[in-house]
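Colleague: Here you go, one structure.
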Amino acid sequence: MQTHTPPRSKIRLTRRGRIALIATGAVVAATAVAVPLLSTEEDAGPATLVIPEGWRARQVYKAVDQALALPAGTTKQSLSKANLKLPNDANGNPEGYLYPATYPIDRQSTPESLLSFMVNTANQKFTGGAVTAGAQRNAMNVYQTVTVASMVQAEAATKADMGKVARVIYNRLDRGMPLQMDSSINYALNRSTLRTSQSDTKVNSPYNTYQRMGLPPTPIANPGEEAMRAAVSPARGDWLYFVTVKPGDTRFTANYEEHERNVAEFNQARRSASASASR
């Protein structure tokens, strides 16, 4: 049943809400495009490339370029000849299927071989009775479930929150409400931040889940096993809103007025942290 959502000028529904002190430290560092985690010790055997959970495709491409000492952009350009085994819904875009894991690298490694290894690993993880059955229970196909998992990966402050975040997504879809995920705005703007402005929410993009109904057209990151499990089997609850008021304190609610109070507390904590940092 269609429900009325409070005016967008008053609402920040799914901001993770970590305080600015955290945002300027470890969180931003973790989500930035990083130098690939590469082991090259001869005694340890072949080199390995580590793809962290939640990296976007562009981060993976850069990591592969660096790991193989190739010119920037080489891996992305190799997509057309990689012959990746992606779902039809992906339309050739591997976002969501570059599975986070540790991959061996040797002298025969190429961008095509590494990307294929990642996609084949994702297909092994995502193909199976439990995943398919879970997707059907949630009125989704597997590709859509990977898309949900990618948002869960980006939005959840902790692994313990992932099931609840997934439930918020499904509850809002079921009620005909826009998802209003800040993580999808970040993807549209090719950035990573914990702050979303009113102008950000008006960006003209199919990934703008403030203005467009339903899921974004593709995953917005490459989710790991825990996020996928949450998307397949979300927690039970009636939650429609959540905000991380402070580290370790994410509050989920079905009541908009309660959510507004939680957001106000988050904003106060952020202002206090900013004031302390400026002293």
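The values are calculated or read from the model by the stated rules, or taken from the named source; none is laboratory data. Being a predicted model, the structure only gives us computed values, none of them experimental. Neighbour counts run over all protein chains shown; Cβ positions are idealised from the backbone, glycine included. The accessibility values were calculated without ligands, DNA or RNA, using every heavy atom of the protein model including side chains. Shrake-Rupley method; radii C 1.70, N 1.55, O 1.52, S 1.80 Å.
Colleague: How far, in nm, would the chain grow between GLU265 and ASN190 when pulled straight, counting 0.36 nm per residue and subtracting the alpha carbon separation?
Modeller: 24.2 nm
Colleague: Continuing with this model, one more query. Subtracting the Cα-Cα distance from 0.36 nm times the residue separation, let me have the gained length for MET213 to ASP238 in nm, one decimal.
Modeller: 7.0 nm is the gain from fully extending MET213 to ASP238.
Colleague: Same structure again: Enumerate the amide H contacts of LEU49 below 5 Å, restricted to partners 5 or more residues apart or on another chain; note that Pro and chain-start residues carry no placed amide H.
Modeller: HN-HN under 5 Å from LEU49: TYR103, ILE105.
Colleague: So, with a 1.4 angstrom probe, what is the percent of accessible area on the range 141-237 that is carbon and sulfur?
Modeller: Whole-percent figure for carbon plus sulfur exposure: 45.
Colleague: With every protein chain kept in place and ligands, DNA and RNA left out, what is the accessible area per residue of the range 98-231? Probe 1.4 Å, answer in Å².
Modeller: The answer is 39 Å² per residue.
Colleague: Using the Karplus curve 6.51 cos²θ - 1.76 cosθ + 1.60 with θ = phi - 60°, what ³J(HN,Hα) values do you get for each residue of the range 52-58, in whole Hz, with x for Gly and Pro?
Modeller: x, 5, x, 5, 7, 4, 4
Colleague: With a 1.4 Å probe and every protein chain kept in, tell me what percent of the accessible surface of the range 48-126 is carbon plus sulfur.
Modeller: Carbon with sulfur: 48 percent of the solvent-accessible area.
Colleague: Right, next: Quickly rank 130-138, 211-219 as a protection proxy: mean count of other C-beta atoms within 10 Å, highest first.
Modeller: Going from most to least packed, we get 211-219, 130-138.
Colleague: Let me ask another. Gain in length, GLN136 to GLN66, computed as 0.36 nm per residue apart minus the alpha-carbon separation, to one decimal in nm?
Modeller: 21.2 nm
Colleague: List the residues, sorted by chain then number, that are 5 or more residues from TYR241 or on another chain and whose placed amide H is less than 5 Å from its amide H.
Modeller: Under 5 Å from the amide H of TYR241 lie the amide H atoms of THR253, each far enough along the sequence or on another chain.
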